[in-house]
Amino acid sequence: MPGSTNGSTSTKTMGVLTVGGLVAVTAYTVALGSNGWLWFGWVVLGLITLGMVATRSA
(Lines give C-alpha, C1' and ligand atoms only; values in the text may rest on other atoms or scores of the structure.)
Protein backbone atom coordinates (compact mmCIF):
# COMPACT_ATOMS: atom_id res chain seq x y z
CA MET A 1 0.00 0.00 0.00
CA PRO A 2 1.78 3.14 -1.15
CA GLY A 3 -0.52 5.46 0.84
CA SER A 4 0.34 3.90 4.21
CA THR A 5 4.09 4.15 3.58
CA ASN A 6 3.76 7.82 2.65
CA GLY A 7 1.66 8.53 5.75
CA SER A 8 4.15 6.75 7.96
CA THR A 9 7.02 8.75 6.50
CA SER A 10 5.25 12.07 6.96
CA THR A 11 4.35 11.18 10.56
CA LYS A 12 7.98 10.31 11.30
CA THR A 13 9.06 13.58 9.68
CA MET A 14 6.62 15.52 11.86
CA GLY A 15 7.96 13.71 14.92
CA VAL A 16 11.52 14.66 14.04
CA LEU A 17 10.47 18.28 13.43
CA THR A 18 8.65 18.37 16.76
CA VAL A 19 11.65 17.05 18.70
CA GLY A 20 13.98 19.36 16.77
CA GLY A 21 11.67 22.27 17.52
CA LEU A 22 11.74 21.42 21.22
CA VAL A 23 15.55 21.41 21.18
CA ALA A 24 15.65 24.73 19.31
CA VAL A 25 13.11 26.45 21.59
CA THR A 26 14.89 25.15 24.69
CA ALA A 27 18.27 26.38 23.38
CA TYR A 28 16.76 29.79 22.58
CA THR A 29 15.24 29.99 26.06
CA VAL A 30 18.55 29.13 27.73
CA ALA A 31 20.55 31.56 25.59
CA LEU A 32 18.22 34.54 25.26
CA GLY A 33 15.36 34.07 27.70
CA SER A 34 11.86 32.73 27.40
CA ASN A 35 9.61 33.66 24.49
CA GLY A 36 5.98 32.66 24.95
CA TRP A 37 5.22 32.66 21.22
CA LEU A 38 7.96 30.11 20.55
CA TRP A 39 6.59 27.79 23.24
CA PHE A 40 3.05 28.30 21.94
CA GLY A 41 4.20 27.41 18.42
CA TRP A 42 5.94 24.31 19.70
CA VAL A 43 2.80 23.19 21.55
CA VAL A 44 0.73 23.66 18.39
CA LEU A 45 3.29 21.66 16.39
CA GLY A 46 3.19 18.91 19.02
CA LEU A 47 -0.61 18.78 18.93
CA ILE A 48 -0.59 18.52 15.14
CA THR A 49 1.93 15.68 15.38
CA LEU A 50 -0.18 13.87 17.98
CA GLY A 51 -3.22 14.32 15.74
CA MET A 52 -1.36 12.77 12.81
CA VAL A 53 -0.26 9.82 14.96
CA ALA A 54 -3.81 9.29 16.25
CA THR A 55 -5.29 9.45 12.73
CA ARG A 56 -2.72 7.05 11.34
CA SER A 57 -3.30 4.42 14.01
CA ALA A 58 -7.11 4.66 13.76
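The values are calculated or read from the model by the stated rules, or taken from the named source; none is laboratory data. Model, not experiment: these values are computed from the prediction. With ideal geometry, Cβ positions are generated from the backbone for all residues, glycine too; neighbour counts draw on all protein chains shown. Accessible surface is based on the protein model in full, side chains and every heavy atom, while ligands, DNA and RNA are left aside. Shrake-Rupley method; radii C 1.70, N 1.55, O 1.52, S 1.80 Å.
If packing is taken as the mean number of other Cβ atoms within 10 Å per residue, what is the order of 25-36, 40-51, highest first? It would help to have the intermediate numbers written out before the result.
On the way: 25-36: 10.8, 40-51: 13.5.
By packing density, highest mean first, the sequence is 40-51, 25-36.
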Considering only protein heavy atoms and a 1.4 Å probe, what is the carbon-and-sulfur percentage of the accessible area of the stretch 8-57?
79
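Residues of the stretch 8-57: accessible area per residue at 1.4 Å, in Å²? Mind dumping the intermediate values first?
Details: 3450 Å² over 50 residues.
Counting only protein heavy atoms, the per-residue value for the stretch 8-57 is 69 Å².
So what's the back-of-envelope 222 nm ellipticity for the chain, counting only DSSP H runs of four-plus at -39500 (n - 2.57) apiece and dividing by all residues, rounded to 500? Intermediate results must be reported in sequence, preceding the final value.
Values: 2 runs with 53 residues, N = 58.
It lands at -32500 deg cm²/dmol.
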Taking the chain as the reference, fit the longest principal axis to its C-alpha atoms, fit the long axis of helix 2-32 to the helix C-alpha atoms, and give the angle between the two in degrees, 0 to 90, nearest 10.
10
Test of understanding: what is the full-extension gain from A31 to A54, defined as 0.36 nm times their sequence separation minus their Cα-Cα distance?
4.9 nm
